[in-house]
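Peer 1: Attaching a single structure in structure tokens format; questions to follow.
Coordinate-derived values only; no laboratory data. In this text the structure is predicted, and so the values were computed from the model without any measurement.
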Amino acid sequence: MTALDAQLAPRKIPQQQRAQFTVDCILRAAESIIVKSGYDAATTNHIAEVAGVSIGSLYQYFASKEAIAAALVESAVMNATEVLRDCLIENMAKPLEESAREIIRAILETRKQYSFIFLRLPREVPKLGRLSRNVTTEKFLYNTIRAYYQHHRSEIEVEDLEVAMFVAEHIIVGSIDAYIDNNSPSITDEQLVEQLSDAFVKYLTK
């Protein structure tokens, strides 16, 4: 563990239901403040006040507001990972084009749901930049994603699956993040899903 990792790690992992409830309240309060007022407004005192806990209780679990922000990132990644893993497994056996639409739609929905964590927080908190690059849904889903590509191997013309996974991930996630960031009224969610699905399938089966 690096010095930065240690700074962002929780001080204590909740073991009991009451302790987990306290941590959940702290995280929900921090998220609410950051979304409404920005990261600078989320002082530890303000977070504790909104969470309804003492500042001492907050510091039992988190050394700083950066550590709270890091916990928000990890929680969002875990939640999104669970949704996307279920989607990949559910659509694994469907034809490539059909499954691609469902999976890309799920990626769009999770990126939108956690957009302030995936897109906004790393910009406002430089320390989170490295964490956001290392703790990603794609890394946690690597084995499931590879199984999906292996299942459709006979349809995929790209010789190296690692290359295919890398390129497809950055085309899809990069395009979705740009779409969310720009909030463009000229394209709908469904149009984006259709265009990305078409590009994904054409790239793999060229």
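Peer 1: In terms of the Cα gyration tensor, with a ≥ b ≥ c the square roots of its eigenvalues, is region 160-206 rounded because a/c is under 1.5, prolate because a/b exceeds b/c, or oblate?
Peer 2: Oblate is the answer for region 160-206, as a/c is 1.5 or above yet b/c matches or exceeds a/b.
Peer 1: Let me ask you something else. Return the ratio Rg/(2.2 N^0.38 Å) for region 146-187, where Rg is computed over Cα atoms only. Write down the numbers at each step before the final one.
Peer 2: Values: Rg = 13.8 Å, N = 42, 2.2 N^0.38 = 9.1 Å.
Normalised Rg, Cα atoms only: 1.51.
Peer 1: Under 8 Å for C-alpha pairs, at least 6 residues apart: give me the relative contact order for the chain, rounded to a whole percent.
Peer 2: Values: 181 pairs, mean separation 43.8, N = 206.
Taking the mean separation of contacting Cα pairs over the length of the chain, I get 21 percent.
Peer 1: Under 20 °C and 1.002 mPa s, how fast does region 15-99 diffuse according to Stokes-Einstein, given a Kirkwood radius computed over C-alpha pairs? Answer in µm²/s, whole number.
Peer 2: Numbers: Rh = 14.5 Å.
Stokes-Einstein gives a translational diffusion coefficient of 148 µm²/s.
Peer 1: Mind listing the phi-derived Karplus ³J(HN,Hα) values for region 167-180, rounded to whole Hz, using 6.51, -1.76 and 1.60 with θ = phi - 60°, and x for any glycine or proline?
Peer 2: 5, 4, 4, 6, 5, 6, 5, x, 5, 5, 5, 5, 4, 5
Peer 1: May I have the pair-distance distribution P(r) for the chain, computed from all Cα-Cα distances with 5 Å bins from 0 and rounded to whole percent?
Peer 2: 1, 7, 14, 17, 16, 14, 11, 9, 7, 4, 1, 0
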